[in-house]
1. Test of understanding: among K260, K267, K245, which residue is modelled with pLDDT of 95 or more, open to solvent by 20 Å² or more (accessible area, probe 1.4 Å) and under 21 Å from L314 (Cα atoms)?
2. Picking from N52, N33, which residue would you name as being open to solvent by 10 Å² or more (accessible area, probe 1.4 Å) and either at pLDDT 85 or above or within 24 Å of A161 (Cα to Cα) (or both)?
3. Which of the residues belonging to the stretch 278-287 are part of a loop (DSSP other than H, G, I, E, B) and loosely packed, with under 14 Cβ neighbours inside 10 Å?
4. Restricting to the stretch 172-183, name every residue that is closer than 17 Å to F81 by Cβ and open to solvent by 20 Å² or more (accessible area, probe 1.4 Å).
5. In this structure, is S290 surrounded by 18 or more Cβ atoms within 10 Å (Cβ to Cβ), free of Cβ contacts under 8 Å to residues at least 40 places away in the same chain and within 22 Å of the chain's Cα centre (by Cα)?
6. Hey, F188 hits all of (1) modelled with pLDDT of 95 or more; (2) outside any helix (DSSP H, G or I); (3) open to solvent by 50 Å² or more (accessible area, probe 1.4 Å) but one; which does it fall short on?
7. Against the conditions (1) buried (at least 17 other Cβ atoms within 10 Å of the Cβ); (2) of a type outside the set (F, W, Y); (3) more than 18 Å from V213 (Cα to Cα); (4) in contact with a Leu (Cβ under 6 Å, 6 or more places away or on another chain), where does V295 fall short? Just the number, please.
Amino acid sequence: MNIEKARILHLGTNDKFLWQAVDVFEKVNPGFNDVCILNIKNKKVPCSKKTNIKVLQVKYPQFQLPRVSSRVYKKYDIVVFHSFDSLIFPEIFAIPKNVAKFWVGWGFDYYSEISSPKKLLLPKTYQYRSDGNSKRKNNIFLKMTRFIAEMLGVKKNKCEAISKLDFFAPVIPEEYDMLKSSRKWSRFPDFLNWNYGTIEDHFLKGFDDVSDVGDAILLGNSASLTCNHLDAFEILARLETNGRKIVVPLSYGGEAYADKVCLDGGKYFGDNFLPLRGFLPISEYVKTISQCGFVVMNHNRQQGLGNIVIMLYLGAKVFLRKENPLYENLISQGFIISAVQDLDKNPDLIKEKLAKSDAENNKKLIIKRWSREASVNRTLRLIEAGIARSTSEEGGR
């Protein structure tokens, strides 16, 4: 089969990462990419003259069942799952065996299988979660909904769904082994290297010539508990940041948690606390965070890689927790980064900008991995692997 004529269906939610992927796939395989969006909220979906887009409004997401007919899936050579959450993964049970099935992981969709809140949350954040859970324990409606779904047989098994995949592309390779070793699998998908976004088209379009960052501090990437904002505030407060802005992206995640972060952040840093609650166009977002010469990601898990890519390219000093597998991943590739744990021992780390030679080193490594050329080559390999798997399954029938 000609690689440029492989019919590909992209399954996902209406998210920027999906459109970044389709953009790259269209460069490799123009005119042969269709998109199916499972939509809970009535979010506006971009129109496209190049790509056929089907939107399915899901009224009862708690019922885990395929929403697309197997007849539709038979038209394709490859199906790509953009994330594998409870809304999307049941589709795999309707896809014929001879169609190659890829899962491009986002992190949130597999960390629930390989870790626990106790391991991912630091003390203050874990206490906040525990307090919230005690208030939600008596939600009878949620309990009844889950019970009805199980009784009707419309609650699918995610582990069984994973075993039906052909390939799994986690955000970083270390997470492939983490998920694979988390339990005994009847079958586990093969590893594939694929990442979202390119420097030229998505992350830094129009900002690739920024030569100097400010002295503000970027904290976290979203309104998710795993950012451990509440614990990070204590660390930063001890460091005496001397009136510098603390920029905190909170545009997606939990609203109640975002409110808590804003309340505590205001108490700690006053007018220097700058929360980003609304979604910003990428150009405006990059302009805002380019004020930050320092990035503190207080996660115990891999998260916020898009923000980290942008900031490493711009020359910021990045701090990750040592428990975060991304810490060792980046160091093993030659990136110059620091550990959050070292800030208490050496507070000057948050005051001195990254040396120019180290910033140039990081920028070169980002270009090597996230350039348009690198992304196109990864996508070519993905399609080639899909065609080979699809063809071998056809021959074995």
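The values are calculated or read from the model by the stated rules, or taken from the named source; none is laboratory data. Please read these numbers as outputs of a predicted model, since none were measured by experiment. Glycine gets a Cβ as well: all are built from the backbone with ideal geometry, and neighbour counts include every protein chain shown. Side chains are part of the model used for accessible areas, which takes the heavy atoms of the whole protein and leaves out ligands, DNA and RNA. Shrake-Rupley method; radii C 1.70, N 1.55, O 1.52, S 1.80 Å.
1. K245
2. Values: N33 fails: open to solvent by 10 Å² or more (accessible area, probe 1.4 Å).
Unique residue meeting the criteria: N52.
3. First, pick out the residues of the stretch 278-287 that are part of a loop (DSSP other than H, G, I, E, B): 278-281.
If the condition is that a residue be part of a loop (DSSP other than H, G, I, E, B) and loosely packed, with under 14 Cβ neighbours inside 10 Å, then G278, F279, P281 are the ones that fit.
4. Scanning the stretch 172-183 gives a single hit, Y176.
5. The answer is no for S290.
6. (3)
7. With respect to (1) buried (at least 17 other Cβ atoms within 10 Å of the Cβ); (2) of a type outside the set (F, W, Y); (3) more than 18 Å from V213 (Cα to Cα); (4) in contact with a Leu (Cβ under 6 Å, 6 or more places away or on another chain), V295 is out only on (3).
Yes or no, residue by residue, for (1) open to solvent by 50 Å² or more (accessible area, probe 1.4 Å); (2) in contact (Cβ under 8 Å) with a residue 40 or more places away in the chain; (3) touching a Pro at 6+ places or on another chain (Cβ under 9 Å); (4) not acidic (D, E):
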{"site": "R301", "(1), (2), (3), (4)": "no, yes, yes, yes"}
{"site": "G304", "(1), (2), (3), (4)": "no, yes, yes, yes"}
{"site": "L312", "(1), (2), (3), (4)": "no, yes, no, yes"}
{"site": "K317", "(1), (2), (3), (4)": "no, no, no, yes"}
{"site": "L343", "(1), (2), (3), (4)": "no, yes, no, yes"}
